[in-house]
Amino acid sequence: MSRFWSPFVKDLVPYVPGEQPKLQKLTKLNTNENPYGPSPQALAAMQQGLNDDLRRYPDPNSDQLKTAIADYHGVDSAQVFVGNGSDEVLAHIFHGLFQHGKPLLFPDITYSFYPVYCGLYGIPFEAIPLDASFQIRVSDYTGMKGGIIFPNPNAPTGCFLPLAEIERLLAVNTETVVVIDEAYVDFGGESAISLVNHYPNLLVTQTLSKSRSLAGLRVGFAVGHPDLIEALDRIKNSFNSYPLDRLAQLGATASFADQAYFEQCQQAVITERENLVQHLAALDFEVLPSLANFVFCRHRSRDAAELAAGLREDGVIVRHFKQTRVAQYLRITVGRPEESAVLFESLQRVLGTTR
Ligand SMILES: Cc1ncc(COP(=O)(O)O)c(C=O)c1O
């Protein structure tokens, strides 16, 4: 706090990202990164881009990347917006597409950046409780609202809402923007991008941080009606004309060309998720059904904060949220099989020694 701060900054409550520890020996299962590296084709494209061209500004519109995304998803490139991570895309959506005079609706247990953007942009919100089994009940998203947003699969639960339910929601919400945040959809879910041509108020966001192993590059995008995209462009061009640097545009574009590698990593994560679920169940955890690259679980008799602290002693980092309703849950990212083995060994030690 400083006397030089504006009153606005004094009142901001910023997002706290998952820890990026500097420890040497670490099993890092706390921020849902992909355990496998980026596509070799993406790495090669970026290496080739390390040249004199870097003295020039990048394409402000990322046209090549937009075309790659549009072709991949079978839409027009005028329906695509790209940004510096989907977090930036989401920020522009909150700023430019939600009605600031009415409450935005999102689940009580969800991505914790949403209330932060509401604070940043002065948007009132209503947190709609998930049902007793942590599912989104679309019939609850009624009344006066300034927009609707939720991740699908939801985070941190991992639970997936079928597209038929999203269509049910869209059928009765035609006057406000509905955003489906698909950061984790590639791990077994079904994308609502197939619906954007039927619903002019539907916007779908995705990221290259998870299924394409490019969290360090910061690339995300939104797909929807060109009118929605135009609003995002207006915000972007009033904020930062060049959100994606040259290397990010090259690497991201190349990653969409490497379908075989994408599917190989996707399958490896899905297979390991099943292994994780089985082992956790055998260790007396209750695990929510997940279609993401993480699982959300609760031990039937042990305190979650204590378990997280015990795992940490072994260099195994998982995510524990303090929010009351989920304070007994841990969110564990799906890693490589050898990382799961370290996790299980540590869990056995912690469960055995502190019982
Ligand atoms: C639900 C959800 N949406 C969006 C993001 C942001 O992803 P990125 O900014 O890396 O694209 C995350 C990151 O963890 C997330 O969990």
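The values are calculated or read from the model by the stated rules, or taken from the named source; none is laboratory data. Predicted model, so just to flag it, every value in this text is computed and none were measured. Here the Cβ positions follow ideal geometry from the backbone for every residue, glycine too, while neighbour counts run over all protein chains shown. SASA here: full protein model, heavy atoms, side chains in, ligands and nucleic acids out. Shrake-Rupley method; radii C 1.70, N 1.55, O 1.52, S 1.80 Å.
Assorted remarks:
- Cα-projected label distance for GLU126 with ALA309, points at 7 Å along beta-carbon direction, nm: 3.9 nm
- Highest-MSF residue in the chain out of PHE81, PHE285, PHE98 [GNM, Cα springs under 10 Å]: PHE285
- Rolling a 1.4 Å probe across the protein heavy atoms gives the chain an accessible surface of 46 Å² per residue.
- A 1.4 Å probe over all protein chains sorts ARG246, ARG3 by accessible area into ARG3, ARG246, starting with the largest.
- Multiplying the residue separation of SER194 and ALA78 by 0.36 nm and removing their Cα-Cα distance gives an extension gain of 40.2 nm.
- The distance linking the range 236-289 with the range 108-169 is 22 Å (Cα centroid to Cα centroid, whole angstrom).
- Helix-only arithmetic for the chain: the sum of -39500 (n - 2.57) across DSSP H runs with n ≥ 4, divided by the residue total, places the mean residue ellipticity at 222 nm at -11000 deg cm²/dmol.
- Long-range HN-HN contacts of GLY189 with modeled amide H, under 5 Å: none
- Legend: calculated FRET efficiency, GLU338 to GLU175, from the Cβ-Cβ distance at R0 = 56 Å, rounded to 0.05, equals 0.65.
- Alpha-carbon spread of the chain, three principal axes, descending order, Å: 57, 53, 52
- Database remark: amide H of PHE150 closer than 5 angstrom to the amide H of VAL179, ASP181 (H placed geometrically; neighbours at sequence offset of 5 or more, or on other chains; Pro and chain starts carry no H).
- Segment LEU26-ARG349, extension gain: residue separation times 0.36 nm, minus the distance between their alpha carbons: 114.6 nm
- Estimated FRET transfer efficiency when R0 is 25 angstrom, pair HIS100-VAL16 (beta carbons, to 0.05): 0.55
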